[in-house]
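Chemist: Quick one: this structure, given as structure tokens, is what I'll be asking you about.
Readers should treat all values here as calculations from the given coordinates under stated rules, not as data from a laboratory. Being a predicted model, the structure only gives us computed values, none of them experimental. A quick note on method: Cβ atoms are made from the backbone with ideal geometry, for glycine too, and the neighbour counts reach across all protein chains shown.
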Amino acid sequence: MSSMFDVVKDTITGSVSATGSIAAELAEKLKSSFEESLKQVPELFEEVLEMMSNMVTEVWNNYKEAVGYVTENA
């Protein structure tokens, strides 16, 4: 009976140790992934600003064309 408890105890201890090791490795990967993502934020921000600028320009051009069309056909 005692040896059975020893086996169970060793199994649980090994599982906890392995789980801790896996959790530490996962935390390190998440940290490095997060740091890499933060490096890309300025580039992403710049691209979003460019996209918004293009959208405003297109809306303005469409407005001018619509006003010109109405002016010519009124």
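Chemist: Note down the net charge around LYS29, summing +1 for each Lys or Arg and -1 for each Asp or Glu among other residues with Cβ under 14 Å from its Cβ.
Modeler: Local net charge: -3.
Chemist: Identify all aspartates and glutamates with a Cα-Cα distance to LYS64 below 19 Å; exclude those on the same chain that are fewer than 8 residues away in sequence.
Modeler: GLU72
Chemist: Please work out how much length the chain gains when fully extended from GLU35 to GLU72, using 0.36 nm per residue of separation minus the C-alpha to C-alpha distance, in nm with one decimal.
Modeler: 7.7 nm
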